[in-house]
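Derivation of every value follows stated rules applied to the coordinates shown; laboratory data play no part. Values in this document were obtained by computation on a predicted structure and should not be read as measured data. FYI the Cβ positions are ideal-geometry reconstructions off the backbone, even for glycines, and counts take in every protein chain you see.
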Amino acid sequence: MTRVLFLDVDGVLNSEFWNDKHQREISDGTLIDEEKVKILAELVKRTNAKIILHSGWRSWFDAELNPLRIETERLIDMFAKAGLSIEGLTPDLTTEEIRRTKKFSLVKAEEILLWLKLNNDVSGWVVIDDLNLHNYQVEKHQVMPNPITGLTLEDIEKAEQILLS
């Protein structure tokens, strides 16, 4: 049986602290906060969870999880330095309307639940996402970092409790 960590990127591994003056750096992946990655690595190390990306960043990988853009190359490099890897991606249920309006939170829970249905060897799971995913079942498994600060030690403690319960 496997423990799974469904990971969002923006608002988790970077934060709105940078938004006003650094939008370009956030969008090109430069400002993934290395400290946030180290915190995430500690959680993975303590729980032996596999990371499944459910961020919009997943569209920047091919089917074999090879990065398609410089942003994801930087993310993969930073993960490798911390001993992390992305083990999979959630299915993409977004529509053109959702992409246009950027209301990804409307389908993220469905994507997670579909991934779980297709992978029935999961013993525990947690979702780390700064957005409200509008689903009671997912909400019980979600840690919601403050997007102003991103992932914190308190967040990984909550995530560990969820994964190990």
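Going by average Cβ neighbours within 10 Å, how do the peptides 63-69, 158-164, 4-10, 135-141 rank, with the highest at the top?
Numbers: 63-69: 11.3, 158-164: 18.0, 4-10: 24.9, 135-141: 14.6.
Final packing ranking: 4-10, 158-164, 135-141, 63-69.
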Dipole of segment 2-164 [Lys/Arg +1, Asp/Glu -1 at C-beta], most positive-end residue of Thr2, Pro67, Ile112: Thr2
Restricting things to Cα coordinates, could you compute the convex hull volume per residue of the chain in Å³? 111
Pull up all non-local amide H partners of Lys50: gap of 5 or more, or a different chain, and H-to-H distance under 5 Å with H placed in the peptide plane. Arg3, Val4, Leu5
Over 22 Å between Cα atoms: which of Lys117/Lys140; Lys36/Lys117; Lys36/Lys103 fall into that group? Lys36/Lys117; Lys36/Lys103
Return the whole-Å distance between the Cα centroid of segment 36-60 and the Cα centroid of segment 132-165. 13
Per GNM of the chain with C-alpha springs under 10 angstrom, the most fluctuating residue out of Thr47, Thr152, Thr95 is Thr95
Return the long-range amide H neighbours of Val122 (sequence gap of 5 or more, or a different chain), with a cut-off of under 5 Å between placed amide H atoms. Thr2
How large is ³J(HN,Hα) for each residue in segment 33-46, as worked out from phi by the Karplus curve 6.51 cos²θ - 1.76 cosθ + 1.60 (θ = phi - 60°), to whole Hz, x for Gly and Pro? 7, 4, 5, 5, 5, 5, 5, 4, 4, 5, 4, 5, 4, 6
The size of the Cβ-based charge dipole (Lys, Arg +1; Asp, Glu -1) of the chain about the Cα centre, to the nearest 20 debye, is 220
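Going by how many other Cβ atoms sit within 10 Å of their own, how do Trp125, Trp60 line up, fewest first?
Details: Trp125 21, Trp60 18.
In order of increasing Cβ crowding within 10 Å: Trp60, Trp125.
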Less than 20 Å from a label point 7 Å out along the Cα-to-Cβ axis of Asn66: which backbone N atoms in segment 77-112 qualify, by residue? 77-80, 85-90
Kindly provide the pair-distance distribution of segment 100-162 built from C-alpha pairs, with 10 Å bins from 0 and whole-percent values in order of increasing distance. 20, 49, 28, 3
Normalised contact order of the chain, rounded percent, pairs of Cα under 8 Å and 6 or more residues apart: 35
